[in-house]
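Each value in this text was obtained by applying a stated rule to the coordinates, not by laboratory testing. Since we're looking at a predicted model, the values are computed, not measured. Cβ placement follows ideal geometry from the backbone for every residue including glycine, while neighbour counts extend to all protein chains displayed.
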Amino acid sequence: MCRLTDLIHFNVTHDKPDLTPLVDRIEHELLSSLQVLIGTADERSSWRYRVRGLAERTAARVFSRLRGIAGDGRVGARLAALEERFFGASAPVAVN
């Protein structure tokens with residue numbers, strides 16, 4: 001974004017700014033971003049995405065509850081390691 005603002009500033013400070021590179025870059029980046037968003041929206045509207053998301057949230061809740069039951073012992077440490085392996089470094093789902 002910094003490069004884009006530099007390009008705008010450069011073109012605005014001249015008497016006859018040539019905005020063609022700016023327009024081309026905005027058009028290219030905008031179209032690319034829109035294509036990604038459309039692909040993401042299509043994927044998120046599918047049943048497969050919804051089911052996978054529900055399964056991931058359910059598994060994260062189960063692991064969180066099991067770790068709560070197991071405590072800080074050996075079993076809890078093993079569950080924490082499995083949870084890290086399955087779900088990555090993201091924070092587990094908080095369950096009350």
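Taking the fewest neighbouring Cβ atoms within 10 Å as the starting point, the ordered list for SER64, SER33 is SER33, SER64.
How much length would be gained if the chain were fully extended between ARG74 and ARG50, taking 0.36 nm per residue of separation minus their Cα-Cα distance, in nm to one decimal? Let's see the in-between values first.
Values: separation 24, 0.36 × 24 = 8.64 nm, distance 3.43 nm.
Difference between extended and current length: 5.2 nm.
Extending 7 Å from the Cα toward the beta-carbon at both ASP24 and VAL62 defines two label points whose distance is 5.5 nm.
Rounded to the nearest Hz, the phi-derived 3J(HN,Hα) couplings of the stretch 30-39 under the Karplus curve 6.51 cos²θ - 1.76 cosθ + 1.60 (θ = phi - 60°) are 5, 5, 4, 5, 5, 5, 5, 5, 5, x, where x marks glycine and proline.
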